[in-house]
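Worksheet: the structure to be examined is printed underneath.
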Amino acid sequence: MKPILEKITLPGGLLNPHQTHLKRVLSAMRGQYHDEQAYQTLLAGADILVYEVYEVLTPDTPGDLRHGTSIVHPGKVGDEYFMTKGHYHALLETAEVYYCLQGHGYMMMETPEGDWSAEELVPGMALYVPPCWAHRSINVGAQDFITFFTYPANSGHDYGAIETRGFRKLIVVRDGKPLIVDNPNWKKDGG
Ligand code: PAN
Ligand code: ZN
C-alpha cells in the first residue's frame, strides 16, 4: 500500500480522508452511567450525540497501524461527564498512543489485575496506554475534547468486560470541578 497523508481540521476534529465515521449516541451508552434515572431523563428528551470517531481503515495485518481522531462532545449525565464506552483491546497485549489536540479531558484506565490510573489531557499532552489497560476518554471541559490516537491494526476491540462490569472509577463534577470517585455499580466479579 501507499503512504497516507491526513488533514485534521480544528475545531471539529474532522480527519480527511477517512473511511469510517462512528457516531455514538446516548442510547448506545445504556448502563454506562452511574445515575440511571438521570440517563433515562436525558434520553427521554433526545438521543443526543455523545462522541464521534474518524478512522483511516488500514489493513489489519500484524505490523500495520490504525489511527484517527476521537471527539467527545461536552455534556453530563447527572453529575457524570460525557465519555466513550471504553474497552480492552481484543488482542489484550497491544498498546495505544493518544495525543490531545483540543479541549480538556481525562483518560480513565484500568487493568484486569486491579490497577487503575486517570491521566489529565490538555492540548499538547501525549499519553501512552500500555498493553492490557482498558481505556475510556472523558470530557470534563466545556468544548469538544479531541484526541488523535494510533494502535496496532490487528488489536480489535473488546467492549464486553466494560459493558458488564464498568470501570472501577468515575469522574463526576463537584463544585464545578472534576472529581474521581469509586463507581458504586462496579461489579468486581463481572456478574
Ligand atoms: C479509540 C476509541 C475511540 C472511541 O479509537 O475507539 O476513542 O472509544 P470506544 O471505542 O471505547 O467507543 C481507541 O481506543 N481505539 O482502540
Ligand atoms: Zn483502544
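The values are calculated or read from the model by the stated rules, or taken from the named source; none is laboratory data. On a predicted model such as this, the values are computed, not experimentally measured, just so you know. Quick reminder, even Gly has a Cβ in these numbers, built from the backbone with ideal geometry, and neighbours come from all protein chains shown. When the accessible area is computed, the model is the full protein with side chains, heavy atoms only, and any ligands, DNA or RNA have been set aside. Shrake-Rupley method; radii C 1.70, N 1.55, O 1.52, S 1.80 Å.
For region 51-68, indicate whether the set of residues that are assigned to a loop (DSSP other than H, G, I, E, B), of a type in the set (Asp, Glu) and within 16 Å of ligand 2 (Cβ to nearest atom) is non-empty. Break it down stepwise before answering.
In the first step, residues of region 51-68 are kept if they are assigned to a loop (DSSP other than H, G, I, E, B); the result is 57-64.
Filter once more, keeping what is of a type in the set (Asp, Glu): 60, 64.
Then keep just the ones that are within 16 Å of ligand 2 (Cβ to nearest atom); that gives 60, 64.
Yes, because at least one residue in region 51-68 is assigned to a loop (DSSP other than H, G, I, E, B), of a type in the set (Asp, Glu) and within 16 Å of ligand 2 (Cβ to nearest atom).
Going by the structure shown, is Thr69 in contact with a Lys or Arg (Cβ under 8 Å, 6 or more places away or on another chain), among the hydroxyl-bearing types (Ser, Thr, Tyr) and open to solvent by less than 20 Å² (accessible area, probe 1.4 Å)?
So Thr69 fails the test.
Of the residues that make up region 150-167, is at least one away from ligand 1 (no atom under 14 Å from the Cβ) and surrounded by fewer than 19 Cβ atoms within 10 Å (Cβ to Cβ)?
Yes, region 150-167 contains a residue that is away from ligand 1 (no atom under 14 Å from the Cβ) and surrounded by fewer than 19 Cβ atoms within 10 Å (Cβ to Cβ).
Would you mind telling me which numbered condition in (1) open to solvent by 50 Å² or more (accessible area, probe 1.4 Å); (2) more than 13 Å from ligand 1 (Cβ to nearest atom); (3) in a loop (DSSP other than H, G, I, E, B) Ala44 fails?
In the conditions (1) open to solvent by 50 Å² or more (accessible area, probe 1.4 Å); (2) more than 13 Å from ligand 1 (Cβ to nearest atom); (3) in a loop (DSSP other than H, G, I, E, B), Ala44 misses (3) alone.
Check Thr84, Thr9 and return the single one that is of a type outside the set (A, V, I, L, M) and touching a residue at least 40 places away in the same chain (Cβ under 8 Å).
Just a single option satisfies the conditions, and that option is Thr84.
Whether any residue in region 77-86 is open to solvent by 20 Å² or more (accessible area, probe 1.4 Å) and assigned to a strand (DSSP E or B) is what I want to check.
No: zero hits.
So which of Gly45, Gly141, Gly124 is more than 11 Å from ligand 2 (Cβ to nearest atom), over 12 Å from the mean Cα position of the chain (by Cα) and at positive phi?
It is Gly124.
Just need a number here: residues in region 109-134 that are in contact with a His (Cβ under 7 Å, 6 or more places away or on another chain) and not small (Gly, Ala, Ser).
3
Exactly one condition in (1) within 11 Å of ligand 1 (Cβ to nearest atom); (2) open to solvent by 20 Å² or more (accessible area, probe 1.4 Å) is false for Arg136; which is it?
(2)
Looking at (1) open to solvent by 40 Å² or more (accessible area, probe 1.4 Å); (2) modelled with pLDDT of 95 or more, which one does Met1 not meet, given that it meets all the others?
(2)
For Ile180, indicate whether it is open to solvent by less than 50 Å² (accessible area, probe 1.4 Å), touching a Leu at 6+ places or on another chain (Cβ under 9 Å) and modelled with pLDDT of 95 or more. Walk me through how you get there before you give the answer.
Details: open to solvent by less than 50 Å² (accessible area, probe 1.4 Å): no; touching a Leu at 6+ places or on another chain (Cβ under 9 Å): yes; modelled with pLDDT of 95 or more: yes.
When the stated conditions are applied, Ile180 does not pass them.
Matching residues to (1) of a type in the set (S, T, N, Q); (2) crowded, with 19+ Cβ neighbours inside 10 Å; (3) touching a Ser or Thr at 6+ places or on another chain (Cβ under 6 Å):
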position: Gln40; (1), (2), (3): yes, no, no
position: Pro59; (1), (2), (3): no, no, no
position: Tyr99; (1), (2), (3): no, no, no
position: Met109; (1), (2), (3): no, yes, yes
position: Glu113; (1), (2), (3): no, no, no
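Of the residues Leu127, Leu179, only one is in contact with an Asp or Glu (Cβ under 6 Å, 6 or more places away or on another chain) and not β-branched (Val, Ile, Thr); which?
None of the other options fit; the residue is Leu127.
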